[in-house]
Amino acid sequence: RVGAWPLHVPMIDIHTIGAGGGSIARVTEDGTLTVGPESAGAQPGPVCYGAGGEEPTVTDAHLVLGRIPAHLLGGEIALDVERARRAIEERVARPLGLPLAAAAQGILDIVNNNMVGALRLVSVESGYDPRDFVLVPFGGAGPLHGADLAALLGMGTVLVPRHPGVLSTFGLLGTEVRNDYARTSLQKPPDYDLDAVAGVYAELEGQARAWLAAEGVPASARRLTRLADLRYRHQGFELTVPWPERGLTVDALLARFHDRHRQLYTYALPDAPVEIVTLRVAAAGRVRRFTLPSLPRRRAAARRPPRRRVHFAGVGWTACAGVDRERLGAGAVVMGPAIVEQPDTTTVVPPGYRARVDRIGNLIIRPKHSLSPQGEGRERGGPR
């Protein structure tokens, strides 16, 4: 959508909401706490930045609850804890008649539920059960919320990448180049003109090969995928499904369309006439490839990590370990509650969870009861 206008064009399926670290928390005239979509942005930023921000944000709530350290980027950015406390006390806690910690936790609960709504939109409302998937939080703030969001959705596994703050950059360096080609070719049942369809595909594939060659993609690394937009007769929209059969048989194509329609809308009309509206070719090719180096085994902190007080919903203030992620090797296990710190993000491992480092440095967070204890540390709040 651009504003209120829907555009039917090929695109990466991204759903965005106003739920970042700068999202502003306010109490409305009727006594309702809201978070976002207004944001303090980078300037002036959250109150704790000390750059002129006056309205409390999600970042301020994390700081007040001890979930992020008082210094970010290895000490380069000092955060003003007292200023964040005053802002939440004056603008949220006092108007709602709540203790400071409860007000800050309320801010996080609301923003978490906003994010859960977005996750449901791209999972449940698209025909997928989120419990069948792994949640991958990234960016500077995503790992602060990952375990909480997974719990709300009933998801059993959270994977925090080795460098969450630059994950998109890694993706850009390692992704394929891609372009899409499409042409309307309305085909009505029962007389589908498959010769005309084959002619359109041949032209689209010719354009795609020429583009891949111009991009420097070798023939061995190219991939062309045929797709088609289909709809039931008199339907006002189409669904895109693959059409990989080189012989252009229609039966398998229609079966995929019915299955996709059932997945998205819980029903299908197998006896209804189906129209082929648009033919598509997706051209992809890999220009470069890279691999992340493996970590050494179990390179953990040499001394017991320092403890600090962190507030968790339903638990309250808890003595919690602060763990340096750079000191964790492959196979290391961090038992919650713990806060795992690194220059580009902070990861929260709540009570009842544990995080294990895989061979390339990803943090795999699961409830303690879902992991085999064999070979894993049992020390509460620290790495093994």
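Below are the figures for this structure:
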{"read-out": "Residue match in the stretch 293-313 (condition: touching a helix residue (DSSP H, G or I) at 6+ places or on another chain (Cβ under 8 Å) and under 30 Å from GLY106 (Cβ atoms))", "value": "yes"}
{"read-out": "The stretch 239-263 - residue that is touching a residue at least 40 places away in the same chain (Cβ under 8 Å) and open to solvent by less than 40 Å² (accessible area, probe 1.4 Å) and, of those, farthest from GLU176 (Cα to Cα)", "value": "VAL250"}
{"read-out": "Which listed residue is closer than 30 Å to SER294 by Cα, modelled with pLDDT under 95 and hydrophobic (A, V, I, L, M, F, W, C), from VAL158, VAL136, VAL122, VAL166", "value": "VAL166"}
{"read-out": "Residue count, the stretch 309-345 (criterion: open to solvent by 10 Å² or more (accessible area, probe 1.4 Å) and of a type in the set (Ser, Thr, Tyr))", "value": "1"}
{"read-out": "For ALA104: the one exception among (1) open to solvent by 10 Å² or more (accessible area, probe 1.4 Å); (2) assigned to a helix (DSSP H, G or I)", "value": "(1)"}
{"read-out": "In the stretch 203-240, the residues that are part of a strand (DSSP E or B) and hydrophobic (A, V, I, L, M, F, W, C)", "value": "LEU224, LEU227, ALA228, LEU230, LEU239"}
{"read-out": "Top-ranked residue in the stretch 199-217 [being open to solvent by 40 Å² or more (accessible area, probe 1.4 Å) and touching a residue at least 12 places away in the same chain (Cβ under 8 Å); ranked as farthest from ARG262 (Cα to Cα)]", "value": "GLY216"}
{"read-out": "Where ARG222 falls short, out of the listed (1) open to solvent by 50 Å² or more (accessible area, probe 1.4 Å); (2) within 30 Å of PHE290 (Cα to Cα); (3) without any contact (Cβ under 8 Å) to a residue 24 or more places away in the chain; (4) not polar (S, T, N, Q)", "value": "(3)"}
{"read-out": "Hits in the stretch 355-370 - residues which are buried (at least 23 other Cβ atoms within 10 Å of the Cβ) and either among the basic types (Lys, Arg) or farther than 21 Å from PRO296 by Cβ (or both)", "value": "ILE365"}
{"read-out": "Residue count for the stretch 252-301, restricted to those that are over 18 Å from GLU238 (Cβ atoms), in a loop (DSSP other than H, G, I, E, B), aliphatic (A, V, I, L, M) and over 25 Å from the mean Cα position of the chain (by Cα)", "value": "3"}
{"read-out": "Residue within the stretch 170-187 that is free of Cβ contacts under 8 Å to residues at least 24 places away in the same chain, within 20 Å of ASN362 (Cα to Cα) and in a loop (DSSP other than H, G, I, E, B) present", "value": "yes"}
{"read-out": "Conditions (1) surrounded by 11 or more Cβ atoms within 10 Å (Cβ to Cβ); (2) within 27 Å of the chain's Cα centre (by Cα); number of the one not met by ASP13", "value": "(1)"}
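The values are calculated or read from the model by the stated rules, or taken from the named source; none is laboratory data. Please read these numbers as outputs of a predicted model, since none were measured by experiment. When we count neighbours, we look across all protein chains shown, and the Cβ atoms used for this are built from the backbone with ideal geometry, even at glycine. Remember, those area values only see protein heavy atoms, side chains included, never the ligands or the DNA or RNA. Shrake-Rupley method; radii C 1.70, N 1.55, O 1.52, S 1.80 Å.
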